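Enquirer: Below: one structure in structure tokens.
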Amino acid sequence: MKAAAPVQEMIDVCERAPAYVRAIAPYQPGKPISELARELGLPEQSIVKLASNENPRGASPKAIAAMRIAVGETGRYPDGNGFALKNALSRRYGLAPDRIVLGNGSNDVLEMAARAFLAPGTSAVFSEHAFAVYPLATQATGATGIVVPARDFGHDLEAMSKAIRSDTRIVFVANPNNPTGTWLPPKSIRGFLEKIPADVLVVLDEAYSEYLDPEPGGDTLRWSENFSNLVVSRTFSKAYGLAGLRVGYGFAHPQVADLMNRVRQPFNVSDIAQAAAVAALFDDEFVEQSRLLNKQGRQTLTEGFLRLGLQWIPSHGNFVCVKVGRGAEIFQRLLKQGVIVRPIASYGMPEYLRITIGTESENARFLSALEAVLD
């Protein structure tokens, strides 16, 4: 009888992976409702999830109708060039389709920028307390991340411009910022862009832009016509309510967009996602109602925090960060109440929790649970 071949130790092959990849701490998403239900034996319908900055209204009826039609074509690959969605975005914002990059969520757009412009021996600049994908995307390319201390939990643009080195290829700016909700007016962002060397790419992440009140001079998508080193990324995951479909986009100079498309995975946005996004893009009433619900809910939460004697960070997104002291402990206590929020110790904020704005009843349920678990 032939002897079995020895089992190779998995660690041998893993050690061949680049050290910078092995050192990556994976992104931790918000806890799913189904997971908490299994862990604590709670009925799923009794659980409130305010952890992932999702739109509590779900998707617009127009987007849902478009998805139902697109389901019939799932046996075929999607349009890899995203012709219909690019043309819809072009019509909406008045920019040529060759300036558009489509992503599997805006995270994909951020990662394409990193893969196209970063490499070992280069660096990227981003703020303290900024979105976790910036350091992850940077580290995955073998580049060095330069973390600039925050100012009042937000971006210190002056310090960020001074942090740029000769090997810097990208500066990431989130506006509004996740997880802190801080925001900088268009005038400040434009002044920052004017200081940045032309050979350094600025990635302006505007995932929460639809929640902002209209701002004079805020047509940032068109700025790529004046700044060839600018990428503006946005998503359909938040105000449009399409988080489960994963579809985002970026506007850039055509040559920058071309480079990003070279590292883009083929068919990275599904047919269903593209169809839903086209329909959602022009459902202005749905987006406006989502913005108003969010504004009201944000006020409800902050009034609740004031009543409970808690500090919070003024937010321009669909979430609020509140200071509760022992964040991890309060998070666990809330889980036992059937309420899921987001601990943000990984962002250097262990005393805070990030709370997504929910429906009126979800916000009330959270505030009641928070009052019950505070010392």
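The values are calculated or read from the model by the stated rules, or taken from the named source; none is laboratory data. Computed from a predicted model, the values in this text were never measured in an experiment. Cβ coordinates were reconstructed from backbone atoms using ideal geometry, including for glycine residues, and neighbour counts include every protein chain displayed. For accessibility, only protein heavy atoms count, side chains too; no ligands or nucleic acids. Shrake-Rupley method; radii C 1.70, N 1.55, O 1.52, S 1.80 Å.
Enquirer: Please go through the range 24-59 and pick out each residue that is open to solvent by 70 Å² or more (accessible area, probe 1.4 Å), among the polar types (S, T, N, Q) and not in a loop (DSSP other than H, G, I, E, B).
Expert: Matches in the range 24-59: Gln45 only.
Enquirer: Follow-up. Going by the structure shown, is Asn107 in contact (Cβ under 8 Å) with a residue 24 or more places away in the chain and either out of contact with any strand residue (DSSP E or B) (no Cβ under 8 Å at 6 or more places or on another chain) or not in a helix (DSSP H, G or I) (or both)?
Expert: Working: in contact (Cβ under 8 Å) with a residue 24 or more places away in the chain: yes; either out of contact with any strand residue (DSSP E or B) (no Cβ under 8 Å at 6 or more places or on another chain) or not in a helix (DSSP H, G or I) (or both): no.
So Asn107 fails the test.
Enquirer: I need every pair where a residue in the range 39-52 that is over 13 Å from Gln337 (Cα atoms) has its Cβ under 8 Å from the Cβ of a residue that is open to solvent by 60 Å² or more (accessible area, probe 1.4 Å) and in a loop (DSSP other than H, G, I, E, B), sequence separation at least 6 or different chains.
Expert: From residues that are over 13 Å from Gln337 (Cα atoms), the pairs are Ser52/Pro29.
Enquirer: Continuing with the same structure: Out of everything in the range 114-148 that is touching a helix residue (DSSP H, G or I) at 6+ places or on another chain (Cβ under 7 Å) and over 23 Å from Ala19 (Cβ atoms), what residue ends up being surrounded by the fewest Cβ atoms within 10 Å (Cβ to Cβ)?
Expert: By that ranking, first place goes to Val148.
Residue by residue, here is whether (1) more than 25 Å from Asp284 (Cα to Cα); (2) surrounded by 23 or more Cβ atoms within 10 Å (Cβ to Cβ) holds:
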site: Ala163; (1), (2): yes, no
site: Ile196; (1), (2): yes, no
site: Ala207; (1), (2): no, yes
site: Asp213; (1), (2): no, no
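Enquirer: Of all the residues that make up the range 196-212, how many are without any contact (Cβ under 8 Å) to a residue 40 or more places away in the chain, farther than 20 Å from Pro135 by Cβ and touching a Lys or Arg at 6+ places or on another chain (Cβ under 9 Å)?
Expert: So the count comes out to 2.
Enquirer: Let me ask another. Please tell me if Arg291 is in contact with a strand residue (DSSP E or B) (Cβ under 7 Å, 6 or more places away or on another chain), part of a helix (DSSP H, G or I) and open to solvent by less than 60 Å² (accessible area, probe 1.4 Å).
Expert: No.
Enquirer: Residues in the range 69-80: is at least one over 20 Å from Thr220 (Cβ atoms), touching an Asp or Glu at 6+ places or on another chain (Cβ under 6 Å) and small (Gly, Ala, Ser)? Reasoning before the result, please.
Expert: Within the range 69-80, the first condition is being over 20 Å from Thr220 (Cβ atoms), and the residues that meet it are 69-80.
From the residues that got through so far, the ones that are touching an Asp or Glu at 6+ places or on another chain (Cβ under 6 Å) too are 70, 73, 78.
Next, only the ones that are small (Gly, Ala, Ser) stay: 70.
Yes, because at least one residue in the range 69-80 is over 20 Å from Thr220 (Cβ atoms), touching an Asp or Glu at 6+ places or on another chain (Cβ under 6 Å) and small (Gly, Ala, Ser).
Enquirer: Quickly run through the range 219-246 and pick out the residues that are part of a loop (DSSP other than H, G, I, E, B) and either in contact with a strand residue (DSSP E or B) (Cβ under 6 Å, 6 or more places away or on another chain) or open to solvent by 30 Å² or more (accessible area, probe 1.4 Å) (or both).
Expert: Start the filter on the range 219-246 by keeping residues that are part of a loop (DSSP other than H, G, I, E, B), which leaves 219, 226-229, 236-242, 246.
Listed by number, the residues that qualify are Asp219, Asn226, Ser228, Asn229, Lys238, Arg246.
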